Amino acid sequence: MAEAGTTPATRDAPWPVGLMSEKLAGWIDRLGQVWIEGEITQWNVRGGNVYGKLKDLTQDATISFNIWRSVSSRLTGEFAPGDRVIALVKASYWVKGGSLSMQVFDLSHVGIGDLLERLERLRRQLQSEGLFDASRKRQLPFLPGKIGLVTGRDSDAEKDVIRNATLRWPGVQFKIHYSAVQGDRAAAEVTAGIVALDADPEVDVIIVARGGGDFQNLLPFSDESVVRAAANAQTPIVSAIGHEADRPLLDEVADLRASTPTDAAKRVVPDVGEELAGIDQARSRMTSRITQYLTHEADRLAQLRGRPVLATPERLVDERSEELVRWIARGQELVERGIDERSREGSHLAARLAALSPQGTLARGYAIAQVVDASGVPGAVVASPEDAPAGTALRVTVAGGRIAATSGGVA
């Protein structure tokens, strides 16, 4: 009789379940350890052991895996759903339970060098376009009426932003756009959130928040679509990714980079207590300055009122009245003197005028002889005997009047 398991199983000679399970376990065990690549979709830690799932990067295929505590303690990186990794696994079949498991012996992120190189090329390109220039940074509003928030649903980042902002200003309002913050969907959903909140006229500032993570977890926030959406937004953008070592490109293009979501809330919303204290201090300074000014002016008025001119104002009038009387007397004296001088000057000029006038010459015995024409009208003055031959009718003007005469010729 043939040994059990060496002949094919038939309806009449089936294998026992244990035999098939043992054969299946042997076949799987001969596969040995293999390196596989995929994306982590589930990562649960219980008692130091890790239980997760790994999905193919291009096909719809997923496997479950486990990492025992002895192996997980030696892993150097931090892992989370959405990470692209390579793993050294060994498949094993549990005969008693009839289940297949993948035990991981080594795990590391894949493509870090390539990712860094692509990221640096994108950084240089965006920088050459001027998207990182400080001149593009916009001032955040002093007190935003409504804050847009792009973050994961029920995440610590969401709670930190809302709690700290509300503590600082209880009346602050939020409009939240939930999105994946790691993995394949994150970049597209974060971009959609920025665009949607930027289109809302009620949103005054947008916070993109995530609670830190390793390099690969932050890759969506360096995606070109996310960075360009933030650069094109008209609403100020605050990046609150919360990772100092690996700054995503969103930090560079955002109008403000906050170190953590809590820091973002503190820098976007003013503290109502501090503002009220500032108002009180300003009022106190204003009151002090006004009181000081009024006191100074009151002292000045008191000094002015204490001056003699204001203490006895009639003294000023008396002094000015005496001065006015003196000036009136002086003016009258000058006027009279001027009149006397002009009067004497007029008399002198009148005397000179009388002496030089023709009438004055006639009064001294001189006469003017004029030839009279046939009509009796006097004409030319007789200047020589030849001008008045004998028998010429003449008119002689003397000081007392005119005399008619006839020339008798040369005497």
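Can you tell me which residue in the stretch 57-103 is farthest from Trp43 (Cα to Cα), limited to those that are among the basic types (Lys, Arg) and in a strand (DSSP E or B)? Ranking the qualifying residues of the stretch 57-103, first place goes to Lys90. A Cβ distance below 7 Å, combined with a sequence gap of six or more or placement on separate chains, defines the contacts here; from the stretch 354-372, residues that are in a helix (DSSP H, G or I) reach residues that are modelled with pLDDT under 75 and not polar (S, T, N, Q) in the pairs Ala354/Gly360. Can you tell which of Ala91, Ala87 is surrounded by 17 or more Cβ atoms within 10 Å (Cβ to Cβ), more than 30 Å from Val17 (Cβ to Cβ), aliphatic (A, V, I, L, M) and at pLDDT 85 or above? None of the others qualify; the one that does is Ala87.
Looking only at residues in the stretch 188-212 that are among the small types (Gly, Ala, Ser) and surrounded by fewer than 22 Cβ atoms within 10 Å (Cβ to Cβ), the one that is farthest from Asp83 (Cα to Cα) is Ala199. Count of the stretch 128-168 residues, restricted to those that are under 16 Å from Phe221 (Cα atoms) and either assigned to a helix (DSSP H, G or I) or not small (Gly, Ala, Ser) (or both), is 6. Pairs, please: C-beta under 6 Å, at least 6 apart or cross-chain, first residue of a type in the set (S, T, N, Q) and in the stretch 28-47, second surrounded by 11 or more Cβ atoms within 10 Å (Cβ to Cβ) and assigned to a strand (DSSP E or B)? Pairs that qualify, where the first residue is of a type in the set (S, T, N, Q) and the partner is surrounded by 11 or more Cβ atoms within 10 Å (Cβ to Cβ) and assigned to a strand (DSSP E or B), are Gln33/Leu88; Gln33/Lys90; Thr41/Lys53; Thr41/Lys55; Gln42/Gly52; Gln42/Lys53; Asn44/Tyr51. For the stretch 220-257, a residue qualifies if it is surrounded by 24 or more Cβ atoms within 10 Å (Cβ to Cβ), of a type in the set (A, V, I, L, M) and at pLDDT below 90, and exactly one does: Ile241. Here Ser99 meets the list (1) under 15 Å from Phe65 (Cα atoms); (2) in contact with a strand residue (DSSP E or B) (Cβ under 7 Å, 6 or more places away or on another chain) almost entirely, failing just condition (2).
Just one of (1) over 25 Å from the mean Cα position of the chain (by Cα); (2) within 21 Å of Ser128 (Cβ to Cβ); (3) not aliphatic (A, V, I, L, M) fails for Asn217. It is (2). Checking each residue in the stretch 258-287 for being outside any helix (DSSP H, G or I) and either buried (at least 20 other Cβ atoms within 10 Å of the Cβ) or β-branched (Val, Ile, Thr) (or both) picks out Ala258, Thr260, Val269.
The values are calculated or read from the model by the stated rules, or taken from the named source; none is laboratory data. No experiment lies behind these values; they were computed from the predicted model shown. Counting neighbours? That spans all protein chains shown, and the Cβs are built from the backbone with ideal geometry, glycine included.
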